[in-house]
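Please treat every number below as a calculation from the coordinates, not as lab data. If you're wondering where the values come from, they're calculated on a predicted model, not measured in any experiment. Quick reminder, even Gly has a Cβ in these numbers, built from the backbone with ideal geometry, and neighbours come from all protein chains shown.
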Amino acid sequence: MNTDSLPGSTGGQLQAPVQNGERGCLSVLVVDCDAGVLRFMESALRDLGYELVAVRSGTAALDELRTDDFAVVLADLAMGDVGELELLSWVKQHRPDTQVVLVTGRASLDSVIAALRGGAADYLTKPVDVDRLATVVRNAVSRHQLERENRELVKKLEEHQRFLQQRIREATHDLAEANKRLAELAIRDGLTNLYNHRHFQERLDEELKRARRYGRRVSLMMLDLDQFKRFNDTYGHQEGNEALRTVAELLTIHVREVDIVARYGGEEFAVILPIKGEASEIATVSERIREIVESTELLLEDDQVPHLTVSIGHATYPEDAQTRSDLIERADAALYEAKRQGRNCVVAFAALPPEQWHAPGNGSSSRSRGNGRACARRDEGTTMPEAAGQVTPQGREPSRLETPPQ
């Protein structure tokens, strides 16, 4: 490090610091081409306890500033090798915390004002007064310390702000995920994880609106596990719940991605099937599902392997119904007929005669079409003929308050 460098020239543009040396907060760089002034200020500042580097040219000062950080620079405004404001401009750009105090003997007031406007902390006039020198340097060091502390504080605040912003982003994402999970839970059945009854109604409305808009069909399949109460009574409700979950999984696996499977209530399920073509495929899908349920073995804890069967009724918009409530009612009427005919079979609403267009417990429905159709009962591998109409012990048809066969 130069302590008494002579004037020189780099022969090029001013360069940025090559490293950031660390000096004490009382470090001062003095640059003056007058050797006498330089010795005077060096002696006075050392006596005041400052760590000092003294050079005799602007070029040498820039060399020092490129390698070390100073609290204060005392610079002669009239250095021949570096322009009046060139050193000040470099310091403000590359060492923003360093305070520049101008020392002038011949400079005009306009030059001093321009330097102060350019970022100089203060100025001294030659001959330099020791008390004035001490006050100016002390104030400049204090300002240096304050600006450095402020800069560090701003840096910490910015880091903390980035940290908080990241935490906010994470919390926002977690909240969105939690809300998404809650929204999903709100539309799911807790036991089977299928859509629940309320969401089924909403989705059926949506599919009917879409079908009206694009001139398509929507079929609704209603399924009810046969004699499920007897299953629960025989094997227990825990095994009954497991059976419901198994059937729900079978339905989910064996329908199309566009189909909507829901637990309608109890042991009853519903499947919404948007159809672009003819409605005849619903019969094939329904029969396939009936066969799959019938052939599925339910392995219980005591190694029993019971089988479940399912009765299915289905109806289609627009042939069988125009509204959501009518479509549900008519699919339910077909399901009731499947139960009445012996269970473990599929009945289409279109196959019902007018007197069976609504199940007991439902209101009357508007006109539809259909011819009767046989429904076989499969019981322990034996095919049974179609069952006769259900009759109560009093010989009357079931009332609207009575439950259809299980």
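Summary table below
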read-out: Residue exposure sequence - 339, 276 - by fewest surrounding Cβ within 10 Å; value: 276, 339
read-out: Area projected by the alpha carbon convex hull of region 197-384, averaged over all directions, nm²; value: 10.6
read-out: Pairwise FRET efficiency - residue 185 versus residue 117, Cβ, R0 = 60 Å, nearest 0.05; value: 0.35
read-out: Förster radius 60 Å - calculated FRET efficiency between residue 93 and residue 197 (Cβ-Cβ, nearest 0.05); value: 0.25
read-out: Long-range amide H partners of residue 54 with built H, under 5 Å; value: 30
read-out: Sequence ranges 327-338, 207-218, ranked by mean other-Cβ count within 10 angstrom, highest first; value: 327-338, 207-218
read-out: Likely footprinting exposure, 199, 307, fewest C-beta neighbours within 10 Å first; value: 307, 199
read-out: Order of 129, 326 under a 10 Å beta carbon neighbour criterion, fewest first; value: 129, 326
read-out: Spin-label model distance (nm) - residue 280 vs residue 110, 7 Å beyond Cα toward Cβ; value: 10.2
read-out: Linear extension gain, residue 86 paired with residue 149, 0.36 nm per residue minus alpha-carbon span; value: 20.0 nm
read-out: Efficiency of FRET from Cβ geometry, residue 142 and residue 304, R₀ 60 Å, rounded to 0.05; value: 0.10
